[in-house]
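Rule-based calculations on the coordinates, nothing more; no lab input. Small disclaimer: the values here were computed from a predicted structure and weren't measured. Please note: Cβ atoms are built from the backbone with ideal geometry, for glycine as well, and neighbour counts cover all protein chains shown.
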Amino acid sequence: MKVITTTKEMQEIVQTEKNNGKSIGFVATMGFLHDGHLHLIEKAKEVNELVVLSIFVNPLQFGPNEDFDQYPRNGKQDEQIAREQGVDLLFSPSTEEMYPNEPAVTVSVLRRTNVLCGKSRPGHFDGVATVLTKLFHIVMPDHAYFGIKDAQQVAVVEGLIEDFNFSITLVPCQTVREKDGLAKSSRNVYLTTEERIQASSIYDSLQSGKAMIQSGERNPAQVKNAVVSLLKENVPLGDIDYLELLAYPELESLTEVTGKVILAAAVKFRSARLIDNIVWSV
Ligand code: AMP
């Protein structure tokens, strides 16, 4: 595995590989690698001759009062894990390398961001779309792998690829979970023991909501109220940031639960805000 820290070298290498006919699979991460990231790498390895992993904690996607400084980082361990997983190129630029100057141009996401994390974290998806536009130009992948755990991000990236005419196939990948159902996340390390126990009920509560719908409930408000009650009861150490049931990927509200939907939650603990969701066709 080659570790690359400059955009110039990255572009030169991928250009050479592309000229040699190699297909490139890309996994963009903020590091502190866990099994969710490794699943994306596995998927990328299945169909691409070259797998590129980026590790970059992107300041543009963090709000002023968010956890950019506290976001967990472990460069050396990540490098070892990436090597063991068979990543070919690890791109880990510094902030100065990615943003040598105050950006003159940024990307603004106009749709699918007025709800869920886009509503709770103003500017977050503009930061995500801006850094991904840069990374897509630097890595020039054929396939890009994103976790459905960040389902709104998948919906935004779908729009980015389509509207900006990237020749990239987006590959959404299933959420990898702990044994008790908690979605794997770099931020889980910040949960206290008690919070960690309660956090598994986030997924349980979402599943209960899904079960209600599968049993015939079609009123979105009924389902949301029931899931909110479950969260309040079983996750008392967390504040519910949102609990939503929307059409997916449009992320528009529903009058009746039908079609492809997302049931999504964000819960704030003292030092970690966790998100999870279930996407399925009713
Ligand atoms: P992050 O490092 O949190 O920005 O995540 C990088 C990529 O890994 C994103 O596409 C995430 O959606 C994906 N990812 C994060 N957690 C999981 C998980 N538990 N299962 C599957 N994919 C995940």
Item to check | Residues located in segment 208-218, provided they are surrounded by 15 or more Cβ atoms within 10 Å (Cβ to Cβ) and not β-branched (Val, Ile, Thr) | outcome: SER208, GLY209, LYS210, MET212
Checklist entry - If PRO100 satisfies every condition in (1) surrounded by fewer than 17 Cβ atoms within 10 Å (Cβ to Cβ); (2) touching a residue at least 24 places away in the same chain (Cβ under 8 Å); (3) assigned to a loop (DSSP other than H, G, I, E, B) but one, which is the exception? => result (2)
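Considering only residues that are part of a loop (DSSP other than H, G, I, E, B) and within 13 Å of the ligand (Cβ to nearest atom), look in segment 142-178 and name the one that is surrounded by the fewest Cβ atoms within 10 Å (Cβ to Cβ). Please lay out each step first, then the result.
Step one: list which residues in segment 142-178 are part of a loop (DSSP other than H, G, I, E, B), which gives 142, 164-168, 174-176, 178.
With the extra rule that they be within 13 Å of the ligand (Cβ to nearest atom), the set shrinks to 174-176, 178.
Working: GLN174: 12, THR175: 20, VAL176: 17, GLU178: 16.
It comes out as GLN174.
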Next on the checklist: LEU53 - would you say it is within 13 Å of the ligand (Cβ to nearest atom) and in contact with a Cys (Cβ under 6 Å, 6 or more places away or on another chain)?
Outcome noted: no
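When only residues in segment 180-192 that are away from the ligand (no atom under 13 Å from the Cβ) and in contact with a helix residue (DSSP H, G or I) (Cβ under 9 Å, 6 or more places away or on another chain) count, which is farthest from MET10 (Cα to Cα)? First the steps, then the outcome.
Going through segment 180-192, the residues away from the ligand (no atom under 13 Å from the Cβ) turn out to be 180, 190-192.
Right, trim to in contact with a helix residue (DSSP H, G or I) (Cβ under 9 Å, 6 or more places away or on another chain) and you get 180, 191.
Working: ASP180: 39, LEU191: 36 Å.
Applying the filter and picking the extreme gives ASP180.
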Checklist entry - Consider LYS134 against the criteria (1) of a type outside the set (Gly, Ala, Ser); (2) closer than 30 Å to MET1 by Cα; (3) surrounded by fewer than 18 Cβ atoms within 10 Å (Cβ to Cβ): it satisfies all of them except one. Which criterion is unmet? => result (3)
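Only residues that are of a type in the set (Gly, Ala, Ser) and within 8 Å of the ligand (Cβ to nearest atom): list them for segment 12-41, please.
Within segment 12-41, ALA28, GLY31, GLY36 qualify.
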Checklist outcome for this item: The strands (runs of 3 or more DSSP E) lying entirely within segment 206-282 that contain at least 2 residues which are of a type in the set (Ser, Thr, Tyr) and in contact with a strand residue (DSSP E or B) (Cβ under 7 Å, 6 or more places away or on another chain) are none
Item to check | Conditions (1) under 15 Å from the mean Cα position of the chain (by Cα); (2) closer than 19 Å to THR169 by Cα; (3) surrounded by fewer than 15 Cβ atoms within 10 Å (Cβ to Cβ); number of the one not met by LEU53 | outcome: (3)
Checklist outcome for this item: Checked SER205, SER200 against criteria (buried (at least 21 other Cβ atoms within 10 Å of the Cβ), touching a residue at least 12 places away in the same chain (Cβ under 8 Å) and not basic (Lys, Arg)); the one match is SER205
Next on the checklist: Condition first: buried (at least 16 other Cβ atoms within 10 Å of the Cβ) and among the aliphatic types (A, V, I, L, M). Now tell me which residues in segment 179-197 satisfy that.
Outcome noted: LEU182, ALA183, LEU191
